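Below is one structure, written out as structure tokens, with a few remarks after it.
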Amino acid sequence: MITELGHFVLILAFLIAIVQAVVPLIGAHKHWYGWMAVAEPAAKMQFLFTAFAFAALTYAFVTSDFSLRLVWLNSHSAKPMLYKVSGVWGNHEGSMLLWVLILTLFGACAAWFGDNLPPTLRARVLAIQSSVAVAFFAFILFTSNPFLRLAVPPFDGQDLNPLLQDPGLAFHPPFLYLGYVGLSMAFSFAVAALLEGRVDAAWARWVRPWTLAAWVFLTIGIGLGSWWAYYELGWGGFWFWDPVENASFMPWLLAAALLHSAIVVEKRESLKSWTILLAILAFGFSLIGTFIVRSGLLTSVHAFANDPERGVFILMILAFFTGGALILFAMRASTMEAKGVFSVVSRESALVSNNILLAVSCFVVFVGTLWPMFAEMFFDRKLSVGPPFFNMAFTPFMIALGLILPIGSTLAWKRGKIGRAVHQMRYVFGLALALALLVWVMQTGRSLMGPLGLFLGAWVVFGAALDLWMRAQRKLDRLLRLPRADWGKAVAHAGLGVTMFGIAGLLAWQVEDIRVAKIDEPFTVGQFELELKGVKRVQGPNYLSTMGDVILRQDGVDIALLNPEKRNYPVAQMPTTEAAIDYRFLRDVYVVIGDPQQGGGWTLRTYIKPLANWIWAGTLLMALGGFLSLSDRRFRVAAGARKRRETHVPAQ
């Protein structure tokens, strides 16, 4: 009964979305305030109905209602409760319902917290947001209905993919979707501004919090996914340039560019056209990511579905919204006249450089991700584009970004002095260079990657600290009273520097060892001694495990007992590898157990991973910086405090 009710209210939400997409848009065009007022209650009801439908599906998973086809395909009565709940979005249909739930949540938030918006702009934003929801409601109801029943309910289910039965991946999709879908608000604001014919500093101030929130959630989602790949897949890497990884990374890059571009619009009333274009493209790339994950066009361990028909439907949504917005952009670009002017040496120019580097790096990732498909379609050639291409093509842009960032932050608006900025940064440069030279002397092998990564990371981190100190006018009491947005910017930039150093250090100094380890025979890897003490069979809640006992020693002292596993899930008939990791501040020791060997012994893979945790610590710092900026009161009230202009180019 509850699932039928969930299906019914989902249809009601679809009908409300259609009304919300049409009526307020007509009202804004005709200045009929009664029609515009429809948007707010419609957005709230749309979210509440979708939330009820999602709760009904969750109830079916929690109670193991195997009469529901989706529950039968993706759950099992013996599965732990956490994975029964995460099984709701661990499949195509349920994840799309979560997608729409978050989409309607952002629309409802715009209705709840958008009192400072002009009525016409608010109505248009909510109508555009709802039009996106209409498309995805139709996609769910007509191609991916999660509420389909089975005529004869089976006794038990087929279980969730074992790779998805992990805490990291249980929370990874919701955060990723909050980022993906959150960019729809920037898209809605951009299209509404094009319809209204007005892009100004107030518009930029309104759009920045939504973009920042999406960027923060996307950062957390990407970080969780990277961490999951690191400890769960058993290959010891944190990023493989997988097509689905790239699908989330591309909108992250464009959202970062959009955040910095909107600052220029707000401060100088410049880069209006470029900012609108970034808002359109950022959400467009989110739709491209959705298409990649669900079309089956590109294979990936992360892919949800392999259904070309569904892929065509998503491709139509992508073409309609992104293509339509770009056409509207071309028609209305002349109304977005830039007002502020600035010299080549200025903070505006530094932000333009930031935007160019981020946008071009996104284009590089896009080409590398889709080129194998294009080569096969148009040239009948099978190609593989892997990490070597991405590392070589992408890394130079990030190095350039890291070099520019600290100097650009210290330049004055409109007209800066490069000599003054360089003079201010001389101690930061000297300290970063000294640390890099120290590491160069101390390391073995004389790899340039580690010292270069340390220099770049220290340059960005210390540069962010210096910028914060200068904003406080070199006084400690003022430092604590700085706006949270200033602290957020410094923390986020420092997080980027920490991540850069972590990645460079891990790639430069990691040690790998693969051998047949015999019971009670110690062996050495780097500065550590390991000893396999035994292998045992363990019964888990819904799996059977082969677990090793590995003692880790340093300088003759036992420092950890590691338990690498190979699990087999009988229902899903699928094995998984569970790495055992000794986490420390400066390094990880990472052990994976393989198969038994003839003559005795087990295959063991051991990795020494320097600075691995710094990668995710930097990611958390970036997200923390975003949250600090979001908590700044100016984000909530300044746009409404601005004097609204009544004269603007009328929509045509």
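Throughout, read-outs are computed from the coordinates displayed, never taken from laboratory work. Every value quoted in this text rests on a predicted model; they were computed, and no experiment measured them. Quick reminder, even Gly has a Cβ in these numbers, built from the backbone with ideal geometry, and neighbours come from all protein chains shown.
The alpha carbon centroids of the stretch 52-119 and the stretch 415-450 are separated by 49 Å. As a ratio to 2.2 N^0.38 Å, the alpha-carbon radius of gyration for the chain is 1.03. Given the stretch 395-510 reduced to its alpha-carbon atoms as identical point scatterers, what log10 I(q)/I(0) does the Debye formula return at q = 0.10, 0.12 Å⁻¹? The Debye formula, applied to the Cα set alone, gives -0.32, -0.46. Each of Trp413, Trp614 was scored by other Cβ atoms within 10 Å of its Cβ. Arranged with the fewest first, they read Trp413, Trp614.
Binning all Cα-Cα separations of the stretch 471-612 at 10 Å, short to long from zero, yields these whole-percent fractions: 11, 30, 23, 16, 11, 8, 2, 0. Which residue, chosen from Phe528, Leu476, Phe501, occupies the Cα position most advanced towards the positive end of the dipole of the stretch 476-573, where the dipole is computed from +1 (Lys, Arg) and -1 (Asp, Glu) charges on Cβ about the Cα centre? Toward the positive end, the furthest listed residue is Leu476. Residue ranges 375-386, 341-352, 539-550 sort as 341-352, 539-550, 375-386 when ordered by packing (mean number of other C-beta atoms within 10 Å per residue, highest first). What the Cβ-Cβ distance of Arg481 and Ile11 gives, at R0 = 60 Å and to the nearest 0.05, is a FRET efficiency of 0.65.
Measuring r between the beta carbons of Ala472 and Lys382 and using R0 = 45 Å, the FRET efficiency lands at 0.20.
Both numbers refer to the Cα atoms of the stretch 332-387; Rg and Dmax are 18.4, 50 Å.
Across the stretch 502-544, the fraction of Cα-Cα pairs farther apart than 12 Å, rounded to a whole number, is 73%. In plain terms, the residue of Val152, Val88 with the fewest other Cβ atoms within 10 Å comes first and the most crowded comes last, giving Val152, Val88. The ranking of Leu258, Leu476 by Cβ neighbour count inside 10 Å, starting from the fewest, reads Leu476, Leu258. Summed over qualifying helices (DSSP H, 4 residues or more, each -39500 (n - 2.57)) and divided by its residue number, the chain shows a 222 nm mean residue ellipticity of -21500 deg cm²/dmol. Using the Kirkwood radius over C-alpha pairs as Rh, can you work out the diffusion coefficient of the stretch 135-271 via Stokes-Einstein at 4 °C, viscosity 1.567 mPa s, in µm² per second? Value of D from the Cα-based Kirkwood radius: 73 µm²/s.
Expressed as a whole percent, how much of the Cα-Cα distance distribution for the stretch 1-165 exceeds 30 Å? Of the Cα pairs, 25 percent sit more than 30 Å apart.
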